[in-house]
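Remarks on the structure that follows.
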Amino acid sequence: MSRLRTRTRPPVALALPALLAVAFLLMPLIGILVRTPWGDLGEHLGSPGVVEALKLSLLVSLWALGLSLVLGVPLAWLLARVEFKGKALVRSLVLLPMVLPPTVGGVALLLGFGRRGLLGPWLEDSFGITLPFHTSGAVVAATFVAMPFLVISLEGALGGLKQSYEETAASLGASPVRVFFTVTLPMVAPGLVAGAALTWARALGEFGATITFAGNLPGTTQTLPLQVYLLLQDQPEAATSVSLLLLAIAMAVLIALRGRWTGTPIDRGAVTTPRTAPEEAPAPAPASEPDEGPDAAGAAPARSAQTGHWPLHATVTGFNRLTLAAEPGTTIAVVGENGAGKTTLLRALLGLTPRAHADLRLGDADVTALPPHKRQVAWVPQDGALFPHLSALANTAYGLRARSVPRADARREAQAWLDRLGVGHLAQRRPSQLSGGQAQRVALARALAARPRLLLLDEPLAALDQTTRAHVRHTLRTHLAGFGGVCLIVTHDPVEAVSLADRVLVLADGRALQDAPPAEVSRHPRSPWVARMLGRNAWPGIASADGLALAAGGRLVVAEALPEGDQALAIIAPEAVSVHRDRPGGSPRNVWRGTVREITAVGSRLRVLIASPDAPDLVAEITPDAAAELGLADGAEVWTSVKATEVTLVRL
């Protein structure tokens, strides 16, 4: 059922000025339409002078567009991607021609490039180039006033493009130039096209800078706007006809752009919110993919299969301060609170962040000084960052092509990886045609196909539902078993940490708080956050003679105490907490009165959050029948108890 739209009537105080503004902008256009001599329109536009001026205008505007593309695209990328001193000044210089009176711009060009200007004599003496009163001068003038439209539009598109796409391409082995031409430009194509169209239209209509700098010579610098200026003096009706032509061109450009001149980057099928796609039949093959890069042609074939074993040794400094060593085939789960430095650690290993630096050895190779695309460290970000303009097959082959594998071999090997991960029949689909689980398997296939020596996965299963997550987790575990390098997986899911990892690295404020096998971390977590992630109650305190003096107040009696004065963490399993409506008798040494704050279903059991003035919040796990028998509900007064033998103390 379609959603009914409610219309809000604008206040008169705003609607009336807005209507006057529209009328103000519309009246000159109506004037041209009304005063145009429609019967003589063909004769006016077909006159030799107008035709010659039109041809010259097209020539000048196209050359100005080309020059703007050559100079403006790198400038837009610099402004969008690089931080440097004076950036605000450079951006102001880009905007200056848009606010500068065109005739003043012409004077400035004369003083800079004229025969008596700063560079004019040198250009004439060294290269024989004279810009004023020459067609090249008209091109320079048009470029000066029109290029800002391209730079602004493209910079906006680049600013809206997630850098994870470019960073992922670099981790697959693509050089910065290859990334720019095969990932960045295709994804900001709308902004580039819109900026180019506006630049061309503005160059076509340039008048003030052209007449001031290049003059008004028929057949040389007399463009169509200058022709209008001349016709107004002797043939105003012909000037109106030519003005109509320029107006029609400008309106056609704006209508074709449909407001997209601000440069929204392309997102054709980004996998952040993928549609669920059927898995039975592959989609029709799309057109040829632009997986050829400027650095791929004529390269020698690379190895056809991944071989070798690469132990990891890294010393990380900066925000993260730790040393990491692992043998080939080891999978390490990286866990910690938000802001603990998990993603920063991965980015330091990639060489993508100034916050931390990694001295990194993979096997016998020290890759510390190498740029990201030469480290052979593959990265799968949380959303997969599949390139939306490429099919699953071309995505998977991207890293191979970046490493100079011939196109046919790369596609054959990519298809084999897709088959191994169970998505081979989806090879010709775009990311928009893949479900979340399918997209994550393609992203994993792309990373493994790139022949990495270190694999970094940043919450690869976080966006998936439980069923899909279990399936992808099984697939991931199967293929990590045969991986010859080390794999780091950032996760908040204890099931992933236990089922996928050989070790669990717990981070806190960039430091390694614990690095141990999953079973050890489960039994003796050294962080309250990890204990809660594993579903346990975790109370910090100071060891005393009979137990623990809690940091939040109160005491906890334990069966096995630690040396008095030690910082410790008490771990209590939720199922070890007993809930009563009346104060319990018998053997429990730890008894507290509390109030039910929340009841949550977890599978076939219920988790009850109980707040007490005498102890920290406590989570108990009971059956629905027990909850019904006790008559539990939010706000109910209860008693809780924990036996001393059910409490484990962990020294911090």
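The charge dipole of the chain, taken about its Cα centre with unit charges on the Cβ of Lys, Arg, Asp and Glu (plus for the first two, minus for the last two), comes to roughly 240 debye.
Sequence-ordered 3J(HN,Hα) estimates for the stretch 617-622 from the Karplus curve with 6.51, -1.76 and 1.60 and θ = phi - 60° stand at 4, 10, 10, 10, 10, 9 Hz, glycine and proline given as x. On full extension, the segment bounded by L95 and V495 gains 138.6 nm, given 0.36 nm per residue less the C-alpha separation.
Determine the relative contact order of the stretch 319-518: mean sequence separation of Cα pairs under 8 Å and six or more apart, normalised by residue count, in whole percent.
That works out to 35 percent.
Could you calculate the FRET efficiency of R593 with A545 from 1/(1 + (r/R0)^6), where r is the beta carbon distance between them and R0 is 30 Å, rounded to 0.05?
It comes to 0.75.
Spin-label model, R605/R581: points 7 Å from Cα along the beta carbon direction are separated by 2.3 nm.
Residues whose amide H falls under 5 Å from that of V647, counting only those 5 or more places apart or on a different chain, are A559, with hydrogens built in the peptide plane. Using C-alpha pairs below 8 Å separated by at least 6 residues, the relative contact order for the chain is 12 percent. Cβ-Cβ distance of L247 and Q428, R₀ of 41 Å, FRET efficiency by 1/(1 + (r/R0)^6): the value works out to about 0.35.
Using Cα-Cα distances under 8 Å and only pairs 6 or more residues apart, what relative contact order does the stretch 42-262 have, in percent? This gives 32 percent for the stretch 42-262. Take the Cα of T220, step 7 Å toward its Cβ, do the same at L119, and the gap between the two points is 2.2 nm. Every helix of 4 or more DSSP H residues in the chain counts as -39500 (n - 2.57), and over all residues that averages to -13500 deg cm²/dmol at 222 nm.
Expressed in Å, the radius of gyration and Dmax of the Cα atoms of the stretch 535-651 are 14.0, 42. Of the trypsin sites (Lys or Arg not before Pro) in the stretch 521-587, the ones in a loop by DSSP (not H, G, I, E or B) with at most 14 other beta carbons within 10 Å are R581. What is the angle, in °, between the Cα long axis of helix 466-480 and the longest principal axis of the Cα atoms in the chain? Nearest 10 is fine, range 0 to 90. On a 0 to 90 degree scale, this one is about 90.
Does anyone have the angle between helix 436-449 and the longest principal axis of the chain? Alpha-carbon axes, 0 to 90°, nearest 10? With both axes taken from Cα atoms, the answer is about 80 degrees.
The stretch between E327 and A626, if pulled fully straight at 0.36 nm per residue, gains 102.8 nm over its current Cα-Cα span.
Of the trypsin sites (Lys or Arg not before Pro) found in the stretch 4-64, the ones in coil according to DSSP and having at most 14 other Cβ atoms within 10 Å of their Cβ are R5, R7. Given +1 at the Cβ of Lys and Arg, -1 at the Cβ of Asp and Glu and no other charges, the dipole of the stretch 535-651 around its Cα centre is 40 debye to the nearest 20.
When the Cα positions of L75, L150, I622 are compared along the charge dipole of the chain, L150 comes out farthest toward the positive end, with charges on each C-beta of Lys, Arg, Asp and Glu. When percent of Cα pairs over 36 Å apart is calculated for this entry, the matching label among (1) 53; (2) 67; (3) 59 is (3). Rounded to the nearest 20, the size of the Cβ-charge dipole of the stretch 377-418 about its Cα centre is 180 debye, with Lys and Arg at +1 and Asp and Glu at -1.
Each label point was placed 7 Å from the Cα along the Cα-to-Cβ direction; for L33 and K87 their separation is 4.5 nm. Residues of the chain were split at every exposed loop site, defined as GluC sites (Glu not before Pro) in a DSSP loop with at most 15 other C-beta atoms within 10 angstrom, and the longest piece left, sites excluded, is 293-559. From least to most packed, judged by other beta carbons within 10 angstrom and beginning with the fewest, H389, H492 follow the order H492, H389. One decimal place: the segment A369-L20 gains 119.4 nm when fully extended, by the rule 0.36 nm per residue minus the C-alpha distance. Size estimate for the stretch 42-262 follows the Kirkwood approach: the inverse of mean 1/r over distinct Cα pairs works out to 18.7 Å.
Rule-based calculations on the coordinates, nothing more; no lab input. Computed from a predicted structure; not experimentally measured. Cβ: placed from backbone, ideal geometry, glycine included. Neighbour counts: every protein chain shown.
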